[in-house]
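Student: Would you mind keeping the following structure in view while I ask a few things?
Only the coordinates and a few stated rules stand behind these numbers; no lab work does. These numbers come from a predicted model, not from an experiment. Glycine also receives a Cβ, built like all others from the backbone with ideal geometry; neighbour counts cover every protein chain displayed.
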Amino acid sequence: MNEKFLDTPFLPQRHVKVALVDGRVSHNFMNNLKSMGINIIKTPCCKELYGAISYHPDILLHPIKGKDVVVAPNVYDPLAKLLEKYGLNVIKGETTLRRNYPDNIAYNIARVSNFAIHNLKYTDKSTLKLLEENQIELIHVKQGYSKCSICIVNERAIITSDRGIAKTVEKYGIDPLVIAPGYIDLPGIEYGFIGGISGLIGKNKIAFSGFLSYHPDYDRILKFLAKYEVEPVFLENKQPIDIGSIIPVLEMAY
């Protein structure tokens, strides 16, 4: 087998072969990923959530480590079928998602290196237990939409518009680039988040759902990526849409 599970969620070490995306992404978006040899798993709708986030992968599930992934009970049955085809061990979470904040953030946990970043008051209890069992260090932040708010660049660098997150993670040796909020589309909501438009598709390659030139911090973002030798790939030539992250599932084994 020439594919393997990721040792650290969101942080592939080689070229990504399978990724999870919002079930509503465009044909153009999908074709651009497929042209890079990446197979797509499209999420089902969670009817209990409001429309803007009802298909968002980073709202519906959280990868723990390796093949273990926790899925919200709301979408467990349809999503488990899709994930198990790729050999993932799908665990049903305890928290049933509901429409409004904070009842929709239980699985929206960011992972950077060996850290899990979230508002720990609202983290799904079964997910929290699994993180602790895997000796993942927990970082508490006020922002409940933690994964939405964090674009993971590598194991020691992130991009975020949330100053509270930036201030907190600096204490753990993580380098944050703080950008202006907004300039990211999320239909039905004022604006989306930088983490929700992005995902690593290789150790040094990051995909964005749209073109970052629409953002006033475009040049700063490109310089920050260049600093860490991470190449940006823009999947569509339009304003980026928050799609609840591109979540890598399998990568090349060698």
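Student: Mind listing just one residue for me: the one in the range 34-50 that is closer than 25 Å to SER146 by Cα and not β-branched (Val, Ile, Thr) and, of those, surrounded by the fewest Cβ atoms within 10 Å (Cβ to Cβ)?
Tutor: Per the criteria, the residue is LYS47.
Student: Name the single residue, out of those in the range 103-151 being part of a loop (DSSP other than H, G, I, E, B) and touching a residue at least 60 places away in the same chain (Cβ under 8 Å), that is surrounded by the most Cβ atoms within 10 Å (Cβ to Cβ).
Tutor: Per the criteria, the residue is ASP124.
Student: Considering only the range 185-228, state which residues are among the small types (Gly, Ala, Ser) and in contact (Cβ under 8 Å) with a residue 12 or more places away in the chain.
Tutor: GLY188, GLY192, GLY195, GLY196, SER198, GLY199, GLY202, ALA207, SER209, GLY210
Student: Another one. Taking LEU222 as the residue in question, decide whether it is among the hydrophobic types (A, V, I, L, M, F, W, C) and either under 28 Å from ALA253 (Cα atoms) or part of a strand (DSSP E or B) (or both).
Tutor: When the stated conditions are applied, LEU222 does not pass them.
Student: Restricting to the range 225-234, name every residue that is outside any strand (DSSP E or B) and either hydrophobic (A, V, I, L, M, F, W, C) or surrounded by fewer than 13 Cβ atoms within 10 Å (Cβ to Cβ) (or both).
Tutor: LEU225, ALA226, LYS227, GLU229, VAL230
Student: Determine which member of the set ILE53, ILE64 is within 29 Å of ALA253 (Cβ to Cβ), surrounded by 16 or more Cβ atoms within 10 Å (Cβ to Cβ) and among the aliphatic types (A, V, I, L, M).
Tutor: Result of the check over ILE53, ILE64: ILE64.
Student: Tell me, yes or no, whether the range 164-186 has at least one residue that is farther than 22 Å from LYS65 by Cα, hydrophobic (A, V, I, L, M, F, W, C) and loosely packed, with under 13 Cβ neighbours inside 10 Å.
Tutor: Yes, the range 164-186 has at least one match.
Student: Select from the range 1-29 the residues that are outside any loop (DSSP other than H, G, I, E, B), buried (at least 16 other Cβ atoms within 10 Å of the Cβ) and not acidic (Asp, Glu) and list them in ascending order.
Tutor: LYS4, PHE5, VAL16, LYS17, VAL18, ALA19, LEU20, VAL21, PHE29 - these are the residues of the range 1-29 that are outside any loop (DSSP other than H, G, I, E, B), buried (at least 16 other Cβ atoms within 10 Å of the Cβ) and not acidic (Asp, Glu).
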